[in-house]
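To start, the structure itself, in C-alpha coordinates.
The values are calculated or read from the model by the stated rules, or taken from the named source; none is laboratory data. Just so we're clear, the structure is a prediction, and the values are computed from it rather than from any experiment. Because the Cβ atoms are built from the backbone with ideal geometry, glycine has one as well, and the counts that use them run over all protein chains shown. These area figures cover heavy atoms from the full protein model, side chains too; ligands, DNA and RNA do not enter into them. Shrake-Rupley method; radii C 1.70, N 1.55, O 1.52, S 1.80 Å.
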Number of protein chains: 2
Amino acid sequence: VGLDPRLHLLPKKILTTAQQQLGSTQAAAGLAILEFNKQVLDAIAQHTAVVKLQSAFFEQYGPAGVTAFWETIKYAKSLDLPVIADIKRGDIGSTATAYAHAYLGGVDLFGKTQTTDIDAITVNPFLGADSLEPFFSTAKKQQKGIFVLVKTSNPGSGDIQDLKSNQQTISDHVADMLDDHQDQVDEHGYSNIGAVIGATYPETAQHFRKKLPQAIFLVPGIGAQGGDPSMIKHFFNKDGLGAIVSSSRGVVFSYQENEKQFKKVISEAARDTKILINGNL
Amino acid sequence: VGLDPRLHLLPKKILTTAQQQLGSTQAAAGLAILEFNKQVLDAIAQHTAVVKLQSAFFEQYGPAGVTAFWETIKYAKSLDLPVIADIKRGDIGSTATAYAHAYLGGVDLFGKTQTTDIDAITVNPFLGADSLEPFFSTAKKQQKGIFVLVKTSNPGSGDIQDLKSNQQTISDHVADMLDDHQDQVDEHGYSNIGAVIGATYPETAQHFRKKLPQAIFLVPGIGAQGGDPSMIKHFFNKDGLGAIVSSSRGVVFSYQENEKQFKKVISEAARDTKILINGNL
(Lines give C-alpha, C1' and ligand atoms only; values in the text may rest on other atoms or scores of the structure.)
Protein backbone atom coordinates (compact mmCIF):
# COMPACT_ATOMS: atom_id res chain seq x y z
CA VAL A 1 0.00 0.00 0.00
CA GLY A 2 1.32 3.40 -0.98
CA LEU A 3 0.97 6.34 1.40
CA ASP A 4 0.69 9.54 -0.65
CA PRO A 5 -1.08 11.86 1.82
CA ARG A 6 -3.05 14.63 0.11
CA LEU A 7 -4.19 17.14 2.72
CA HIS A 8 -7.47 18.12 1.05
CA LEU A 9 -8.59 14.48 0.87
CA LEU A 10 -8.07 13.71 4.57
CA PRO A 11 -11.12 13.12 6.79
CA LYS A 12 -12.44 16.51 7.89
CA LYS A 13 -12.39 15.57 11.55
CA ILE A 14 -8.62 14.92 11.48
CA LEU A 15 -8.00 18.15 9.54
CA THR A 16 -10.15 20.29 11.82
CA THR A 17 -8.61 18.92 15.01
CA ALA A 18 -5.06 19.65 13.79
CA GLN A 19 -6.03 23.09 12.50
CA GLN A 20 -7.76 24.05 15.79
CA GLN A 21 -4.66 22.98 17.68
CA LEU A 22 -1.93 24.53 15.49
CA GLY A 23 -3.62 26.91 13.02
CA SER A 24 -3.30 26.77 9.23
CA THR A 25 0.39 25.87 9.48
CA GLN A 26 2.84 23.30 8.17
CA ALA A 27 2.91 21.91 11.71
CA ALA A 28 -0.86 21.31 11.59
CA ALA A 29 -0.52 19.66 8.17
CA GLY A 30 2.24 17.39 9.47
CA LEU A 31 0.17 16.47 12.53
CA ALA A 32 -2.94 15.70 10.48
CA ILE A 33 -0.97 13.56 8.01
CA LEU A 34 0.73 11.60 10.77
CA GLU A 35 -2.57 10.99 12.60
CA PHE A 36 -4.21 9.89 9.33
CA ASN A 37 -1.30 7.61 8.39
CA LYS A 38 -1.34 5.90 11.79
CA GLN A 39 -5.04 5.13 11.41
CA VAL A 40 -4.47 3.93 7.85
CA LEU A 41 -1.62 1.67 8.97
CA ASP A 42 -3.79 0.20 11.74
CA ALA A 43 -6.53 -0.42 9.19
CA ILE A 44 -4.37 -2.06 6.50
CA ALA A 45 -1.70 -3.89 8.50
CA GLN A 46 -3.34 -7.33 8.42
CA HIS A 47 -3.79 -7.23 4.63
CA THR A 48 -0.53 -5.57 3.65
CA ALA A 49 2.95 -6.97 2.89
CA VAL A 50 4.85 -3.68 2.53
CA VAL A 51 4.10 0.03 2.76
CA LYS A 52 5.58 2.60 0.37
CA LEU A 53 5.80 6.27 1.33
CA GLN A 54 5.91 8.83 -1.48
CA SER A 55 8.30 11.46 -0.13
CA ALA A 56 6.96 14.36 -2.24
CA PHE A 57 3.67 14.49 -0.36
CA PHE A 58 5.55 14.88 2.93
CA GLU A 59 8.21 17.32 1.64
CA GLN A 60 5.37 19.66 0.69
CA TYR A 61 4.96 20.59 4.34
CA GLY A 62 8.60 21.42 5.05
CA PRO A 63 10.28 20.19 8.25
CA ALA A 64 6.88 19.29 9.78
CA GLY A 65 6.09 17.12 6.75
CA VAL A 66 9.49 15.45 7.02
CA THR A 67 8.80 14.76 10.71
CA ALA A 68 5.51 13.12 9.68
CA PHE A 69 7.45 11.04 7.10
CA TRP A 70 9.90 9.63 9.66
CA GLU A 71 7.25 9.18 12.37
CA THR A 72 4.97 7.34 9.93
CA ILE A 73 7.86 5.01 9.10
CA LYS A 74 8.52 4.43 12.80
CA TYR A 75 4.87 3.56 13.35
CA ALA A 76 4.83 1.18 10.36
CA LYS A 77 7.85 -0.63 11.77
CA SER A 78 6.10 -0.95 15.15
CA LEU A 79 3.43 -2.91 13.25
CA ASP A 80 6.16 -5.08 11.65
CA LEU A 81 5.48 -3.63 8.19
CA PRO A 82 8.53 -3.35 5.89
CA VAL A 83 8.93 0.18 4.51
CA ILE A 84 9.93 1.39 1.05
CA ALA A 85 10.72 5.11 0.79
CA ASP A 86 9.80 6.20 -2.73
CA ILE A 87 12.31 9.04 -3.07
CA LYS A 88 13.61 8.52 -6.64
CA ARG A 89 16.90 10.23 -5.80
CA GLY A 90 19.86 10.26 -8.14
CA ASP A 91 22.99 12.43 -8.07
CA ILE A 92 26.77 12.45 -8.57
CA GLY A 93 28.91 10.23 -6.32
CA SER A 94 29.46 12.27 -3.15
CA THR A 95 25.88 13.56 -3.17
CA ALA A 96 24.46 10.10 -3.89
CA THR A 97 26.39 8.91 -0.84
CA ALA A 98 24.73 11.61 1.24
CA TYR A 99 21.27 10.53 -0.01
CA ALA A 100 22.09 6.84 0.60
CA HIS A 101 23.24 7.59 4.13
CA ALA A 102 20.23 9.83 4.78
CA TYR A 103 17.66 7.17 3.88
CA LEU A 104 19.40 3.81 4.39
CA GLY A 105 21.74 4.73 7.23
CA GLY A 106 25.33 5.75 7.68
CA VAL A 107 25.12 9.48 8.40
CA ASP A 108 27.94 10.62 10.64
CA LEU A 109 26.49 12.58 13.56
CA PHE A 110 29.34 13.96 15.65
CA GLY A 111 31.18 10.63 15.42
CA LYS A 112 28.04 8.48 15.90
CA THR A 113 26.64 6.60 12.90
CA GLN A 114 22.90 6.91 12.43
CA THR A 115 20.72 4.12 11.16
CA THR A 116 17.18 4.45 9.76
CA ASP A 117 13.90 2.49 9.87
CA ILE A 118 13.65 2.36 6.05
CA ASP A 119 14.07 -1.06 4.40
CA ALA A 120 14.44 0.02 0.77
CA ILE A 121 14.41 3.10 -1.46
CA THR A 122 13.79 3.91 -5.12
CA VAL A 123 16.57 5.56 -7.17
CA ASN A 124 16.86 7.20 -10.60
CA PRO A 125 19.61 5.89 -12.95
CA PHE A 126 19.85 8.89 -15.35
CA LEU A 127 23.29 9.96 -14.03
CA GLY A 128 24.89 6.57 -14.78
CA ALA A 129 26.48 3.62 -12.98
CA ASP A 130 28.78 5.69 -10.75
CA SER A 131 25.72 7.53 -9.40
CA LEU A 132 24.10 4.19 -8.43
CA GLU A 133 27.18 2.69 -6.82
CA PRO A 134 26.90 4.58 -3.47
CA PHE A 135 23.29 3.37 -3.17
CA PHE A 136 24.27 -0.23 -3.92
CA SER A 137 27.21 -0.26 -1.52
CA THR A 138 25.29 1.44 1.30
CA ALA A 139 22.37 -0.98 0.84
CA LYS A 140 24.75 -3.93 1.02
CA LYS A 141 26.40 -2.60 4.17
CA GLN A 142 23.07 -1.80 5.84
CA GLN A 143 21.38 -5.01 4.55
CA LYS A 144 18.69 -3.04 2.79
CA GLY A 145 17.23 -2.85 -0.71
CA ILE A 146 17.31 -0.60 -3.76
CA PHE A 147 14.72 -0.36 -6.54
CA VAL A 148 16.16 1.28 -9.65
CA LEU A 149 13.70 2.94 -12.05
CA VAL A 150 13.74 0.75 -15.17
CA LYS A 151 10.32 1.38 -16.75
CA THR A 152 8.01 3.82 -14.95
CA SER A 153 4.20 3.70 -14.91
CA ASN A 154 3.42 7.13 -16.42
CA PRO A 155 2.14 7.63 -20.00
CA GLY A 156 5.29 9.54 -21.05
CA SER A 157 7.78 7.04 -19.62
CA GLY A 158 8.71 5.98 -23.15
CA ASP A 159 10.04 9.42 -24.13
CA ILE A 160 13.49 8.47 -22.79
CA GLN A 161 13.12 4.91 -21.49
CA ASP A 162 11.84 3.37 -24.77
CA LEU A 163 14.43 5.01 -27.03
CA LYS A 164 16.59 2.40 -28.73
CA SER A 165 20.37 2.46 -28.75
CA ASN A 166 22.44 -0.48 -30.06
CA GLN A 167 19.26 -2.59 -30.54
CA GLN A 168 18.32 -2.11 -26.89
CA THR A 169 15.98 0.33 -25.15
CA ILE A 170 17.32 2.72 -22.51
CA SER A 171 15.38 0.63 -19.96
CA ASP A 172 17.40 -2.39 -21.17
CA HIS A 173 20.63 -0.48 -20.66
CA VAL A 174 19.53 0.35 -17.10
CA ALA A 175 18.65 -3.31 -16.51
CA ASP A 176 22.18 -4.22 -17.64
CA MET A 177 23.55 -1.98 -14.87
CA LEU A 178 21.56 -4.03 -12.34
CA ASP A 179 22.59 -7.32 -13.88
CA ASP A 180 26.12 -6.92 -12.50
CA HIS A 181 24.62 -6.88 -9.00
CA GLN A 182 22.39 -9.96 -9.22
CA ASP A 183 25.00 -12.53 -8.16
CA GLN A 184 24.41 -12.32 -4.41
CA VAL A 185 20.96 -13.74 -3.63
CA ASP A 186 19.00 -14.71 -0.52
CA GLU A 187 17.60 -18.16 0.32
CA HIS A 188 14.70 -17.59 -2.11
CA GLY A 189 17.07 -16.64 -4.94
CA TYR A 190 16.49 -12.89 -4.90
CA SER A 191 18.98 -10.02 -4.92
CA ASN A 192 18.65 -6.85 -2.82
CA ILE A 193 18.88 -4.76 -6.00
CA GLY A 194 15.45 -4.64 -7.64
CA ALA A 195 13.69 -2.68 -10.37
CA VAL A 196 10.67 -0.41 -10.67
CA ILE A 197 8.46 -1.67 -13.54
CA GLY A 198 5.12 0.13 -13.93
CA ALA A 199 1.95 -2.00 -13.74
CA THR A 200 0.75 -0.16 -16.84
CA TYR A 201 3.34 -1.97 -19.04
CA PRO A 202 2.77 -5.74 -18.63
CA GLU A 203 4.41 -6.65 -21.97
CA THR A 204 7.58 -4.88 -20.78
CA ALA A 205 7.34 -6.83 -17.52
CA GLN A 206 7.52 -10.17 -19.35
CA HIS A 207 10.69 -9.03 -21.09
CA PHE A 208 12.40 -7.85 -17.89
CA ARG A 209 11.17 -10.85 -15.87
CA LYS A 210 13.28 -13.03 -18.20
CA LYS A 211 16.20 -10.63 -18.20
CA LEU A 212 16.39 -10.14 -14.41
CA PRO A 213 15.05 -13.31 -12.75
CA GLN A 214 16.76 -12.53 -9.42
CA ALA A 215 15.44 -8.96 -9.16
CA ILE A 216 12.37 -8.08 -7.11
CA PHE A 217 10.09 -5.79 -9.11
CA LEU A 218 8.35 -2.88 -7.44
CA VAL A 219 5.17 -2.46 -9.47
CA PRO A 220 3.25 0.79 -8.98
CA GLY A 221 0.26 1.76 -11.08
CA ILE A 222 -2.65 -0.55 -10.33
CA GLY A 223 -5.77 1.21 -9.08
CA ALA A 224 -5.94 4.95 -9.84
CA GLN A 225 -3.28 4.78 -12.59
CA GLY A 226 -5.19 2.10 -14.50
CA GLY A 227 -2.84 -0.90 -14.52
CA ASP A 228 -4.83 -4.04 -15.41
CA PRO A 229 -4.85 -6.53 -12.48
CA SER A 230 -5.36 -9.48 -14.83
CA MET A 231 -1.89 -8.81 -16.29
CA ILE A 232 -0.15 -8.73 -12.91
CA LYS A 233 1.11 -12.34 -13.21
CA HIS A 234 3.63 -11.22 -15.83
CA PHE A 235 5.54 -9.30 -13.15
CA PHE A 236 6.07 -12.45 -11.03
CA ASN A 237 8.34 -15.44 -11.48
CA LYS A 238 6.88 -18.95 -11.86
CA ASP A 239 7.48 -19.49 -8.11
CA GLY A 240 4.81 -16.85 -7.44
CA LEU A 241 7.45 -14.55 -5.95
CA GLY A 242 9.49 -11.63 -7.21
CA ALA A 243 7.13 -8.64 -7.26
CA ILE A 244 5.65 -6.07 -4.90
CA VAL A 245 2.48 -4.58 -6.37
CA SER A 246 1.59 -1.16 -5.03
CA SER A 247 -1.71 0.69 -4.93
CA SER A 248 -1.86 4.13 -3.31
CA ARG A 249 -4.88 6.34 -3.97
CA GLY A 250 -7.06 3.31 -4.78
CA VAL A 251 -6.71 2.09 -1.19
CA VAL A 252 -5.91 5.09 0.98
CA PHE A 253 -8.48 7.48 -0.48
CA SER A 254 -11.20 4.87 -1.11
CA TYR A 255 -13.49 6.36 1.56
CA GLN A 256 -14.46 9.65 -0.08
CA GLU A 257 -18.15 8.61 -0.23
CA ASN A 258 -18.16 7.30 3.34
CA GLU A 259 -15.83 9.44 5.44
CA LYS A 260 -17.32 8.50 8.80
CA GLN A 261 -16.26 4.89 8.37
CA PHE A 262 -12.96 5.63 6.63
CA LYS A 263 -10.91 3.06 8.55
CA LYS A 264 -13.34 0.28 7.70
CA VAL A 265 -13.48 1.30 4.02
CA ILE A 266 -9.67 1.51 3.74
CA SER A 267 -9.25 -1.86 5.44
CA GLU A 268 -11.70 -3.44 2.99
CA ALA A 269 -9.99 -1.77 0.02
CA ALA A 270 -6.62 -3.18 1.15
CA ARG A 271 -8.19 -6.61 1.60
CA ASP A 272 -9.91 -6.48 -1.81
CA THR A 273 -6.68 -5.36 -3.50
CA LYS A 274 -4.83 -8.26 -1.89
CA ILE A 275 -7.50 -10.71 -3.06
CA LEU A 276 -7.44 -9.18 -6.55
CA ILE A 277 -3.66 -9.52 -6.81
CA ASN A 278 -3.51 -13.05 -5.38
CA GLY A 279 -6.41 -14.12 -7.60
CA ASN A 280 -4.51 -13.07 -10.71
CA LEU A 281 -1.20 -14.81 -10.03
CA VAL B 1 28.57 29.20 -4.88
CA GLY B 2 27.25 25.80 -3.91
CA LEU B 3 26.39 25.06 -0.28
CA ASP B 4 26.94 21.34 0.35
CA PRO B 5 27.45 21.31 4.14
CA ARG B 6 29.52 18.35 5.34
CA LEU B 7 29.35 18.18 9.12
CA HIS B 8 32.86 16.78 9.71
CA LEU B 9 34.43 19.63 7.70
CA LEU B 10 32.76 22.46 9.63
CA PRO B 11 34.90 24.67 11.88
CA LYS B 12 35.32 22.90 15.22
CA LYS B 13 34.14 25.90 17.18
CA ILE B 14 30.74 25.89 15.45
CA LEU B 15 30.42 22.12 15.87
CA THR B 16 31.35 22.15 19.55
CA THR B 17 28.99 25.00 20.41
CA ALA B 18 26.02 23.24 18.79
CA GLN B 19 26.93 19.90 20.35
CA GLN B 20 27.28 21.41 23.84
CA GLN B 21 23.88 23.03 23.43
CA LEU B 22 21.92 20.13 21.93
CA GLY B 23 24.04 16.97 22.26
CA SER B 24 25.07 14.68 19.40
CA THR B 25 21.68 15.06 17.73
CA GLN B 26 20.17 15.93 14.36
CA ALA B 27 19.06 19.19 15.97
CA ALA B 28 22.67 20.06 16.81
CA ALA B 29 23.75 19.17 13.26
CA GLY B 30 21.02 21.39 11.82
CA LEU B 31 22.00 24.26 14.11
CA ALA B 32 25.71 23.96 13.26
CA ILE B 33 25.00 23.84 9.52
CA LEU B 34 22.71 26.86 9.66
CA GLU B 35 25.22 28.87 11.69
CA PHE B 36 28.02 27.91 9.29
CA ASN B 37 25.92 28.71 6.21
CA LYS B 38 25.01 32.16 7.54
CA GLN B 39 28.67 32.98 8.08
CA VAL B 40 29.52 31.61 4.63
CA LEU B 41 26.77 33.71 3.03
CA ASP B 42 28.01 36.84 4.81
CA ALA B 43 31.52 36.07 3.57
CA ILE B 44 30.66 35.39 -0.07
CA ALA B 45 27.71 37.72 -0.74
CA GLN B 46 29.71 40.52 -2.35
CA HIS B 47 31.41 38.15 -4.80
CA THR B 48 28.50 35.85 -5.61
CA ALA B 49 25.70 36.02 -8.19
CA VAL B 50 23.65 33.02 -7.06
CA VAL B 51 23.80 30.39 -4.33
CA LYS B 52 22.94 26.74 -4.92
CA LEU B 53 21.94 24.46 -2.05
CA GLN B 54 22.47 20.72 -2.46
CA SER B 55 19.45 19.24 -0.71
CA ALA B 56 21.05 15.84 0.07
CA PHE B 57 23.44 17.33 2.60
CA PHE B 58 20.52 18.83 4.51
CA GLU B 59 18.18 15.82 4.20
CA GLN B 60 20.86 13.77 5.97
CA TYR B 61 19.85 15.38 9.25
CA GLY B 62 16.13 14.73 9.03
CA PRO B 63 13.61 17.45 9.93
CA ALA B 64 16.35 19.53 11.61
CA GLY B 65 18.41 19.42 8.42
CA VAL B 66 15.37 20.45 6.39
CA THR B 67 14.81 23.36 8.78
CA ALA B 68 18.44 24.40 8.19
CA PHE B 69 17.80 24.17 4.42
CA TRP B 70 14.82 26.53 4.49
CA GLU B 71 16.41 28.90 7.03
CA THR B 72 19.60 29.10 4.96
CA ILE B 73 17.49 30.01 1.92
CA LYS B 74 15.67 32.69 3.93
CA TYR B 75 18.99 34.15 5.04
CA ALA B 76 20.36 34.14 1.47
CA LYS B 77 17.27 36.04 0.29
CA SER B 78 17.78 38.60 3.09
CA LEU B 79 21.18 39.27 1.45
CA ASP B 80 19.47 39.60 -1.97
CA LEU B 81 21.10 36.42 -3.27
CA PRO B 82 19.03 34.39 -5.76
CA VAL B 83 18.69 30.76 -4.67
CA ILE B 84 18.80 27.54 -6.71
CA ALA B 85 17.67 24.42 -4.84
CA ASP B 86 19.62 21.50 -6.31
CA ILE B 87 17.04 18.77 -5.66
CA LYS B 88 17.13 16.78 -8.95
CA ARG B 89 13.56 15.57 -8.43
CA GLY B 90 11.60 13.71 -11.09
CA ASP B 91 8.40 11.69 -10.76
CA ILE B 92 5.06 10.88 -12.40
CA GLY B 93 2.56 13.73 -12.93
CA SER B 94 0.70 14.06 -9.63
CA THR B 95 3.89 13.49 -7.61
CA ALA B 96 5.88 15.90 -9.78
CA THR B 97 3.19 18.48 -9.05
CA ALA B 98 3.68 17.89 -5.31
CA TYR B 99 7.45 18.39 -5.69
CA ALA B 100 6.95 21.52 -7.83
CA HIS B 101 4.57 23.00 -5.27
CA ALA B 102 6.86 22.04 -2.38
CA TYR B 103 9.89 23.87 -3.79
CA LEU B 104 8.54 26.57 -6.12
CA GLY B 105 5.26 27.32 -4.34
CA GLY B 106 1.63 26.36 -4.64
CA VAL B 107 1.10 23.96 -1.73
CA ASP B 108 -2.44 24.12 -0.44
CA LEU B 109 -2.34 24.60 3.34
CA PHE B 110 -5.89 24.47 4.67
CA GLY B 111 -7.09 26.67 1.81
CA LYS B 112 -4.08 29.03 1.90
CA THR B 113 -1.50 28.78 -0.89
CA GLN B 114 2.09 28.72 0.25
CA THR B 115 4.95 30.36 -1.63
CA THR B 116 8.67 29.69 -1.19
CA ASP B 117 11.93 31.68 -1.21
CA ILE B 118 13.49 29.45 -3.87
CA ASP B 119 14.11 31.00 -7.31
CA ALA B 120 14.88 27.86 -9.31
CA ILE B 121 15.29 24.10 -8.94
CA THR B 122 17.02 21.27 -10.80
CA VAL B 123 14.93 18.37 -12.17
CA ASN B 124 15.64 14.92 -13.67
CA PRO B 125 14.07 14.12 -17.09
CA PHE B 126 14.28 10.28 -16.99
CA LEU B 127 10.51 9.84 -16.58
CA GLY B 128 9.70 11.81 -19.76
CA ALA B 129 7.97 15.00 -20.88
CA ASP B 130 4.80 14.49 -18.82
CA SER B 131 6.95 14.31 -15.68
CA LEU B 132 8.56 17.68 -16.51
CA GLU B 133 5.31 19.46 -17.37
CA PRO B 134 4.19 20.12 -13.75
CA PHE B 135 7.58 21.70 -13.05
CA PHE B 136 7.38 23.90 -16.15
CA SER B 137 3.81 25.05 -15.51
CA THR B 138 4.42 25.72 -11.81
CA ALA B 139 7.59 27.67 -12.62
CA LYS B 140 5.69 29.77 -15.15
CA LYS B 141 2.90 30.50 -12.67
CA GLN B 142 5.32 31.34 -9.85
CA GLN B 143 7.73 33.22 -12.18
CA LYS B 144 10.60 30.95 -11.27
CA GLY B 145 13.15 28.80 -13.11
CA ILE B 146 13.85 25.15 -13.87
CA PHE B 147 17.18 23.57 -14.79
CA VAL B 148 16.72 20.18 -16.44
CA LEU B 149 19.61 17.72 -16.24
CA VAL B 150 20.93 17.46 -19.81
CA LYS B 151 24.59 16.41 -19.34
CA THR B 152 25.80 15.95 -15.78
CA SER B 153 29.34 16.52 -14.50
CA ASN B 154 30.16 13.04 -13.16
CA PRO B 155 32.53 10.60 -14.93
CA GLY B 156 29.73 8.07 -15.58
CA SER B 157 27.23 10.58 -16.97
CA GLY B 158 27.70 9.09 -20.45
CA ASP B 159 26.38 5.65 -19.44
CA ILE B 160 22.85 6.77 -20.28
CA GLN B 161 23.18 10.38 -21.46
CA ASP B 162 25.68 9.71 -24.28
CA LEU B 163 23.84 6.69 -25.74
CA LYS B 164 22.75 7.39 -29.31
CA SER B 165 19.24 6.85 -30.58
CA ASN B 166 18.13 8.06 -34.05
CA GLN B 167 21.50 9.79 -34.59
CA GLN B 168 21.08 11.80 -31.39
CA THR B 169 22.35 11.30 -27.86
CA ILE B 170 19.90 10.92 -24.98
CA SER B 171 21.08 14.36 -23.82
CA ASP B 172 20.00 15.68 -27.24
CA HIS B 173 16.57 14.12 -26.81
CA VAL B 174 16.26 15.83 -23.42
CA ALA B 175 17.34 19.14 -24.97
CA ASP B 176 14.57 18.69 -27.55
CA MET B 177 12.06 18.51 -24.68
CA LEU B 178 13.29 21.93 -23.49
CA ASP B 179 13.28 23.36 -26.97
CA ASP B 180 9.46 23.47 -26.97
CA HIS B 181 9.64 25.82 -23.97
CA GLN B 182 12.17 28.34 -25.28
CA ASP B 183 9.72 30.65 -27.02
CA GLN B 184 8.94 32.90 -24.06
CA VAL B 185 12.05 34.91 -23.19
CA ASP B 186 12.94 37.84 -20.92
CA GLU B 187 14.38 41.20 -22.00
CA HIS B 188 17.84 39.64 -22.39
CA GLY B 189 16.49 36.85 -24.59
CA TYR B 190 16.55 34.05 -22.01
CA SER B 191 13.87 31.51 -21.11
CA ASN B 192 13.06 30.40 -17.56
CA ILE B 193 13.68 26.77 -18.58
CA GLY B 194 17.42 26.10 -18.46
CA ALA B 195 19.76 23.12 -18.56
CA VAL B 196 22.38 21.54 -16.32
CA ILE B 197 25.58 21.00 -18.35
CA GLY B 198 28.61 19.79 -16.35
CA ALA B 199 31.75 21.95 -16.44
CA THR B 200 33.70 18.74 -17.06
CA TYR B 201 32.29 18.45 -20.63
CA PRO B 202 33.14 21.70 -22.49
CA GLU B 203 32.87 20.12 -25.97
CA THR B 204 29.31 19.09 -25.13
CA ALA B 205 28.64 22.64 -23.97
CA GLN B 206 29.51 24.07 -27.38
CA HIS B 207 27.04 21.72 -29.00
CA PHE B 208 24.20 22.58 -26.61
CA ARG B 209 25.01 26.31 -26.62
CA LYS B 210 24.12 26.28 -30.35
CA LYS B 211 21.11 24.05 -29.86
CA LEU B 212 19.56 26.01 -26.96
CA PRO B 213 20.65 29.66 -27.30
CA GLN B 214 17.81 30.91 -25.06
CA ALA B 215 18.50 28.50 -22.21
CA ILE B 216 20.54 29.46 -19.16
CA PHE B 217 23.07 26.74 -18.36
CA LEU B 218 23.74 25.75 -14.77
CA VAL B 219 27.34 24.54 -14.85
CA PRO B 220 28.55 22.58 -11.82
CA GLY B 221 31.92 20.90 -11.65
CA ILE B 222 34.67 23.53 -11.56
CA GLY B 223 36.90 23.33 -8.50
CA ALA B 224 36.84 19.99 -6.65
CA GLN B 225 35.35 18.07 -9.61
CA GLY B 226 38.13 19.19 -11.95
CA GLY B 227 36.32 21.21 -14.64
CA ASP B 228 38.87 23.33 -16.53
CA PRO B 229 38.20 27.08 -16.01
CA SER B 230 39.88 27.97 -19.34
CA MET B 231 37.06 26.12 -21.15
CA ILE B 232 34.28 27.94 -19.33
CA LYS B 233 33.66 30.37 -22.19
CA HIS B 234 32.06 27.57 -24.22
CA PHE B 235 29.13 27.52 -21.80
CA PHE B 236 28.31 31.19 -22.46
CA ASN B 237 26.73 32.94 -25.41
CA LYS B 238 28.63 35.60 -27.36
CA ASP B 239 26.85 38.29 -25.27
CA GLY B 240 28.79 36.99 -22.24
CA LEU B 241 25.54 35.81 -20.67
CA GLY B 242 23.70 32.51 -20.44
CA ALA B 243 25.54 30.49 -17.81
CA ILE B 244 25.77 30.14 -14.04
CA VAL B 245 29.04 28.47 -13.06
CA SER B 246 28.96 26.77 -9.68
CA SER B 247 31.76 25.82 -7.32
CA SER B 248 30.91 24.17 -4.00
CA ARG B 249 33.65 22.43 -2.03
CA GLY B 250 36.35 24.55 -3.73
CA VAL B 251 34.95 27.69 -2.09
CA VAL B 252 33.08 26.62 1.02
CA PHE B 253 35.67 24.17 2.37
CA SER B 254 38.73 26.14 1.25
CA TYR B 255 39.74 26.93 4.85
CA GLN B 256 40.80 23.49 6.06
CA GLU B 257 44.40 24.68 6.59
CA ASN B 258 43.34 27.90 8.28
CA GLU B 259 40.20 27.25 10.26
CA LYS B 260 40.56 30.24 12.57
CA GLN B 261 40.16 32.65 9.66
CA PHE B 262 37.61 30.58 7.75
CA LYS B 263 35.36 33.51 6.79
CA LYS B 264 38.27 35.44 5.31
CA VAL B 265 39.55 32.39 3.42
CA ILE B 266 36.08 31.57 2.03
CA SER B 267 35.53 35.19 0.98
CA GLU B 268 38.85 35.19 -0.88
CA ALA B 269 38.08 31.84 -2.51
CA ALA B 270 34.73 33.21 -3.75
CA ARG B 271 36.46 36.35 -5.04
CA ASP B 272 39.22 34.32 -6.75
CA THR B 273 36.66 31.99 -8.36
CA LYS B 274 34.75 35.00 -9.67
CA ILE B 275 37.95 36.51 -11.10
CA LEU B 276 38.91 33.16 -12.61
CA ILE B 277 35.53 32.78 -14.32
CA ASN B 278 35.34 36.37 -15.55
CA GLY B 279 38.94 36.19 -16.78
CA ASN B 280 38.11 33.20 -18.95
CA LEU B 281 35.02 34.55 -20.72
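For this structure, a couple of remarks:
- For the peptide A:62-70, the mean number of other protein chain Cβ atoms found within 10 angstrom of a residue's Cβ is 5.
- Couplings 3J(HN,Hα) for the stretch A:225-239, derived from phi with the Karplus relation 6.51 cos²θ - 1.76 cosθ + 1.60 (θ = phi - 60°), are 7, x, x, 7, x, 5, 9, 5, 4, 5, 8, 9, 7, 5, 6 Hz, where x marks Gly and Pro.
- Degrees between helix A:26-44 axis and first principal axis of chain A (Cα, 0 to 90, nearest 10): 70 degrees
- Net charge of Cβ neighbours under 14 Å - reference A:GLN225; Lys, Arg +1; Asp, Glu -1: -2
- Helical mean residue ellipticity (222 nm; -39500 (n - 2.57) per DSSP H run of 4+; nearest 500) of chain A: -13500 deg cm²/dmol
- Distance violations [Cα-Cα > 31 Å] among B:LYS144/B:LYS238; A:LYS88/A:LYS233; A:LYS77/A:LYS211; A:LYS52/A:LYS264; A:LYS77/A:LYS164; B:LYS74/B:LYS274: A:LYS77/A:LYS211; A:LYS77/A:LYS164
- Added length on full extension, which subtracts the Cα-Cα distance from 0.36 nm per residue, A:ASP130 to A:ASP80: 14.6 nm
- Helix A:202-211 axis versus longest C-alpha principal axis of chain A: approximately 50°, rounded to the nearest ten.
- Modelled FRET efficiency - R0 51 Å, A:ILE275 with B:LYS210, Cβ distances, 0.05 increments: 0.35
- 0 to 90° range, to nearest 10: angle between helix A:262-279 axis and chain A longest Cα axis: 20 degrees
- In this structure, the amide hydrogen of A:PHE147, modeled 1.01 Å from its nitrogen in the peptide plane, lies closer than 5 angstrom to those of A:ILE121, A:THR122, A:VAL123, A:GLY194, counting only residues at least 5 positions away or on a different chain.
- Multiplying the residue separation of B:THR113 and B:GLN46 by 0.36 nm and subtracting their alpha-carbon distance yields 20.8 nm.
- Potential lengthening between A:GLU259 and A:ALA224 on full extension [0.36 nm per residue; Cα-Cα distance subtracted]: 10.7 nm
- When the Cα positions of A:PHE147, B:PHE58, B:THR17 are compared along the charge dipole of the protein assembly as shown, B:THR17 comes out farthest toward the positive end, with charges on each C-beta of Lys, Arg, Asp and Glu.
- Net +/- balance of residues flanking B:GLY189 in space, Cβ distance below 14 Å, scoring K and R +1, D and E -1: -2
- Net +/- balance of residues flanking B:GLN54 in space, Cβ distance below 15 Å, scoring K and R +1, D and E -1: +2
- Averaged over A:13-19, number of beta-carbon atoms from partner chains that fall within 10 Å: 1
- Per-residue accessible area (protein heavy atoms, 1.4 Å probe) orders A:GLU203, A:GLU187 as A:GLU187, A:GLU203, starting from the largest.
- Inter-copy spacing of A:LEU22 label points, which lie 7 Å from Cα along Cα→Cβ, given in nm from shortest upward: 1.7
- Taken residue by residue and averaged, Cβ atoms of other chains lying within 10 Å of the Cβ of A:256-262 number 0.
- Bridgeable lysines around B:LYS260 (alpha carbons under 19 Å apart, same-chain partners fewer than 8 residues away excluded): B:LYS12, B:LYS13, B:LYS38.
- The same position B:ARG271 in the other copies lies at 7.3 nm from this copy, comparing label points 7 Å beyond Cα toward the beta-carbon, shortest first.
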